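Just below is one structure, and these are the notes that go with it.
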Amino acid sequence: MAQGLRNGRQVHPDRKGLPMSAKSYMPTMFRSILFAGAMALAAIAPAKAQDTLKLGLVAAMSGQSAKSGEAIVRGLSLAIDEINAKGGLLGKKVELLVRDDESNPAKGVVAARELVQREKVAALFGGLDTPVSIAIVPFMNGAKVPFMGVWAAGTPITRNGAPDNYVFRVSAVDDIVDVALVDYAVKKYAAKKPGMILINNPWGESNEKGLKAALDDKKLPYAGIEKFETNDVDLVPQLTRLKQAGADVLFMVANVAPSSQVVKSLDRMSWSPPIVSHWGPAGGRFTELAGPSAKNVIFVQTYSFFGDLSPVGKRVMAALQAKYADIKGPGDVTPAVGVANTYDSVLLIAKAIEKAGSTDPTAIRDGLYAIDKVEGLIKTYEKPFAKDNHNALSANDYIWARFEDNQIMPVKN
């Protein structure tokens, strides 16, 4: 026999294990199944893409700055909640994707690449640390995707020299902050010979340049410039040199943990000069790490939930209390700038997308230039961006604050 029997079933020699009746049917069946599956996937995939507009965040979500990272996420989330409640953007639900850069520039770049190249975010928000943001900037300009800074204040982040710049910011800017620091020290403490104690990284370098320029404008000398590392625990030698040089005020630039070491080193020296600081101490557990003398540090902020709030402020405060059980009042919104800067940033990106009528990244970038007016938390933004200005805030948008217990409270100028 050309064909044989196997287990009582007729078998074709070219279709081992298959009955004769399947000879012509099986290929047709498989082709039909594969075709149907491919058509189903093709129908589903575009639907998901059309229904969601992704925004990304790369920020320090762990370590000493975790509290700031949490505030950033909360501000972004509240604004996105409002947008989605009104139907989203361009008919799409807005989704936030968060990545932890661990305050590490290399990890920040990897996270940015993943969000842009794999997740296809329409815009990226960038976090706390100037060195991380500076590392991400070249990639974002090369990818031609809008990058909105919400905390890091290094001047070169937005003034990065790129001929086609996609980097914007709703946050403090070192050059502007440094003028404000000098003005405040002169007005409040009659400073005549201030000293600088700066973290030894690109953020410290940015502020060294800015503080020198601001002091030069006022024809004021400085007692000295001292640098220190993030992990230094004894700054008595650097501070002793500033004291011996006659420093009557200290300008401090560092984030939470290193700033606390400055304060504790001053306590060990029994020296208590006025400290006028950038906003690094506001980023986390400063009072816990620095001890009782934390209250002596005056630092710059962009917003406070204390005092008479605008209608936007009242709405956001109510939303914070409704969404987050730990927020009972304005003192629990710490740091407030993390919420305010990011909330406003989302409103500006949303307006740019509406102006663009598209999720094309270049169209969104150009939409930022086309914004006419947006009612934000920090202020009402009127034409906040131009091709020669990618910073939405000015020196008039800063306030001064200090810690009282664990709450950041505004102080009078």
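The values are calculated or read from the model by the stated rules, or taken from the named source; none is laboratory data. Just so it is clear, the model here is predicted, and its values are computed rather than measured. Cβ placement follows ideal geometry from the backbone for every residue including glycine, while neighbour counts extend to all protein chains displayed.
Mind checking whether some residue in segment 270-286 is in a helix (DSSP H, G or I), touching a residue at least 60 places away in the same chain (Cβ under 8 Å) and more than 20 Å from the chain's Cα centre (by Cα)? No; the residues of segment 270-286 include none that is in a helix (DSSP H, G or I), touching a residue at least 60 places away in the same chain (Cβ under 8 Å) and more than 20 Å from the chain's Cα centre (by Cα). As a summary of the residue check, residue 37 satisfies the conditions (1) modelled with pLDDT under 50; (2) part of a strand (DSSP E or B); (3) small (Gly, Ala, Ser) except for the one numbered (2).
The conditions of being closer than 17 Å to residue 97 by Cα, touching a residue at least 12 places away in the same chain (Cβ under 8 Å) and small (Gly, Ala, Ser) are met by residue 126.
So that you can scan it fast, the table gives a plain yes or no per residue for (1) modelled with pLDDT of 95 or more; (2) in contact with an Asp or Glu (Cβ under 9 Å, 6 or more places away or on another chain); (3) over 28 Å from residue 64 (Cα atoms):
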residue: 203; (1), (2), (3): no, yes, no
residue: 216; (1), (2), (3): yes, no, yes
residue: 221; (1), (2), (3): yes, no, yes
residue: 227; (1), (2), (3): yes, yes, no
residue: 234; (1), (2), (3): yes, no, no
residue: 247; (1), (2), (3): yes, no, yes
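Any residue in segment 151-160 that is closer than 15 Å to residue 398 by Cα, in the same structural domain as residue 241 (by TED's automatic domain parsing) and touching a residue at least 60 places away in the same chain (Cβ under 8 Å)? Looking through segment 151-160, none of the residues is closer than 15 Å to residue 398 by Cα, in the same structural domain as residue 241 (by TED's automatic domain parsing) and touching a residue at least 60 places away in the same chain (Cβ under 8 Å). Selection within segment 96-115: residues that are among the aliphatic types (A, V, I, L, M) and buried (at least 24 other Cβ atoms within 10 Å of the Cβ). The member of this set that is nearest to residue 347 (Cα to Cα) is 112. Is it the case, given these coordinates, that residue 105 is more than 29 Å from residue 84 (Cα to Cα), free of Cβ contacts under 8 Å to residues at least 60 places away in the same chain and outside the structural domain of residue 243 (by TED's automatic domain parsing)? For residue 105, the condition - more than 29 Å from residue 84 (Cα to Cα), free of Cβ contacts under 8 Å to residues at least 60 places away in the same chain and outside the structural domain of residue 243 (by TED's automatic domain parsing) - is met.
Taking segment 120-129 as the range and being surrounded by fewer than 24 Cβ atoms within 10 Å (Cβ to Cβ) and over 21 Å from residue 354 (Cα atoms) as the test, no residue passes. On the stretch given as segment 203-225, residues that are within 28 Å of the chain's Cα centre (by Cα) and within 19 Å of residue 262 (Cα to Cα) total 6. Restricting the search to segment 300-348, which residues are of a type in the set (A, V, I, L, M) and more than 22 Å from the chain's Cα centre (by Cα)? The answer is 309, 318, 322, 325. Checked against (1) assigned to a loop (DSSP other than H, G, I, E, B); (2) touching a residue at least 60 places away in the same chain (Cβ under 8 Å); (3) closer than 18 Å to residue 337 by Cα, residue 165 passes all but a single condition, namely (3). Name every residue in segment 329-360 that is of a type in the set (D, E, K, R) and at pLDDT below 95, in order of residue number. Within segment 329-360, 332 is the sole residue that qualifies.
Being at pLDDT 95 or above, charged (D, E, K, R) and either assigned to a helix (DSSP H, G or I) or touching a Phe, Trp or Tyr at 6+ places or on another chain (Cβ under 9 Å) (or both), is that true of even one residue in segment 289-304? No: segment 289-304 contains no residue that is at pLDDT 95 or above, charged (D, E, K, R) and either assigned to a helix (DSSP H, G or I) or touching a Phe, Trp or Tyr at 6+ places or on another chain (Cβ under 9 Å) (or both). Go over the candidates 281, 274 one by one and state the one that is out of contact with any Pro (no Cβ under 7 Å at 6 or more places or on another chain), surrounded by fewer than 21 Cβ atoms within 10 Å (Cβ to Cβ) and not polar (S, T, N, Q). Selected residue: 274, the only one of 281, 274 that is out of contact with any Pro (no Cβ under 7 Å at 6 or more places or on another chain), surrounded by fewer than 21 Cβ atoms within 10 Å (Cβ to Cβ) and not polar (S, T, N, Q). Within segment 193-207, being outside any strand (DSSP E or B) and either assigned by TED's automatic domain parsing to the domain that holds residue 104 or closer than 14 Å to residue 242 by Cβ (or both) holds for 193, 194. One residue alone among 132, 98 is part of a strand (DSSP E or B), under 28 Å from residue 335 (Cα atoms), of a type in the set (A, V, I, L, M, F, W, C) and at pLDDT 95 or above, and that residue is 98. What do you reckon, is residue 159 buried (at least 22 other Cβ atoms within 10 Å of the Cβ) and of a type in the set (Lys, Arg)? Criteria not met by residue 159.
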